Amino acid sequence: MPLATSIQPLRLQVYLAHSGIASRRESEKLILAGRVTVNGNPVTELGTKVIASDAVSVDGTRVTIEQQMHYIAMHKPQFYLCTQRDPYNRPLARSLLPVHITERLYSIGRLDFRSSGLILWTNDGNFAAALAHPSSEIEKEYLVEATSFVPNEMIDGFTNGITIDNEYYQCRTIEKIGRKGVRIVLIEGKNREIRRVFSHFHLHPVVLRRIRIGAVWLDDLAEGKTRLLTEAERHSFFQ
């Protein structure tokens, strides 16, 4: 999906969003924090406009408007990190992206080290921000298998809402699958939400796999593999 570089001046935050750095709102924060320079000069004014020939840098690294936007689904295996780097040299999910893509992609909807399943990647900052914002209320569906029997107390608690260490957790739906398995649908998806709720009820997930984000399904995509999102899948997030 090509993005033509405009010959007209662009607001700096728009330029950064089109460079795959961050959403417009997050780009505004970068500017206000003094982390952006134009032609070597720090810029903190949100009204600043730039043209294609300007040298724009974030934290000292030159950024340019990208001509190709990418929207990718990945089946992340267990024991891969959804970060850009790791001081312990553990495997990174980004290393599984297609090698022909030279643009820097960012993950949407991270999964922790021990979890597997669907994550989305893009260099479109506005697309990423729209999907990640809580107001989008995009469903995320998981299959979870515990080491022991899942009690009704946990099902009821997660359904009706439960406070753990001053944090409130509530799923949209939860359905038992056999004695040890459940299917869970979340909306907000707080950090390690499922694991914390399970731990509260003295349960340990041996399998935690995300199988859906909105209208995008993992289906039979093999572990470690990727595919392009269809146009219909991309547009489904904005209907």
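The values are calculated or read from the model by the stated rules, or taken from the named source; none is laboratory data. Computed from a predicted structure; not experimentally measured. No Cβ is skipped: glycine too gets one built from the backbone with ideal geometry, and neighbour counts run over all protein chains shown.
Tabulated data
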quantity: Considering residues of region 71-80 that are out of contact with any Phe, Trp or Tyr (no Cβ under 9 Å at 6 or more places or on another chain) and part of a strand (DSSP E or B) only, the residue nearest to L229 (Cα to Cα); calculated: H75
quantity: Hey, I187 on the phi < 0 side of the Ramachandran plot and out of contact with any Lys or Arg (no Cβ under 6 Å at 6 or more places or on another chain) or not; calculated: no
quantity: Strands (runs of 3 or more DSSP E) wholly inside region 81-184 that include at least 2 residues being of a type in the set (D, E); calculated: 140-146
quantity: Pair list, Cβ under 6 Å, 6 or more apart: region 119-131 residue modelled with pLDDT of 85 or more, other residue assigned to a helix (DSSP H, G or I); calculated: T122/A128
quantity: Single condition M154 does not satisfy, out of (1) crowded, with 18+ Cβ neighbours inside 10 Å; (2) in contact with a strand residue (DSSP E or B) (Cβ under 6 Å, 6 or more places away or on another chain); calculated: (2)
quantity: In region 53-91, residue nearest to V38 (Cα to Cα) [restricted to those that are surrounded by fewer than 19 Cβ atoms within 10 Å (Cβ to Cβ) and among the aromatic types (F, W, Y)]; calculated: Y88
quantity: Which listed residue is surrounded by 14 or more Cβ atoms within 10 Å (Cβ to Cβ) and in the same structural domain as A128 (by TED's automatic domain parsing), from L229, L208, L203, L186; calculated: L229
quantity: Selection from region 166-188 of residues that are over 24 Å from the mean Cα position of the chain (by Cα) and in contact (Cβ under 8 Å) with a residue 24 or more places away in the chain; calculated: K176, I177, R179, K180, G181
quantity: Failed condition for V58, given (1) closer than 19 Å to N126 by Cβ; (2) among the hydrophobic types (A, V, I, L, M, F, W, C); (3) touching a residue at least 60 places away in the same chain (Cβ under 8 Å); calculated: (3)
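Listed here are the residues, each with its yes/no results for (1) among the hydrophobic types (A, V, I, L, M, F, W, C); (2) in the same structural domain as F201 (by TED's automatic domain parsing).
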{"site": "L96", "(1), (2)": "yes, no"}
{"site": "E103", "(1), (2)": "no, no"}
{"site": "L111", "(1), (2)": "yes, no"}
{"site": "L118", "(1), (2)": "yes, no"}
{"site": "N126", "(1), (2)": "no, no"}
{"site": "V144", "(1), (2)": "yes, yes"}
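Let's see how each residue does on (1) under 14 Å from R114 (Cβ atoms); (2) assigned to a loop (DSSP other than H, G, I, E, B):
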{"position": "E188", "(1), (2)": "no, yes"}
{"position": "F198", "(1), (2)": "yes, no"}
{"position": "H202", "(1), (2)": "no, yes"}
{"position": "R212", "(1), (2)": "no, no"}
{"position": "L221", "(1), (2)": "no, yes"}
{"position": "F238", "(1), (2)": "no, yes"}
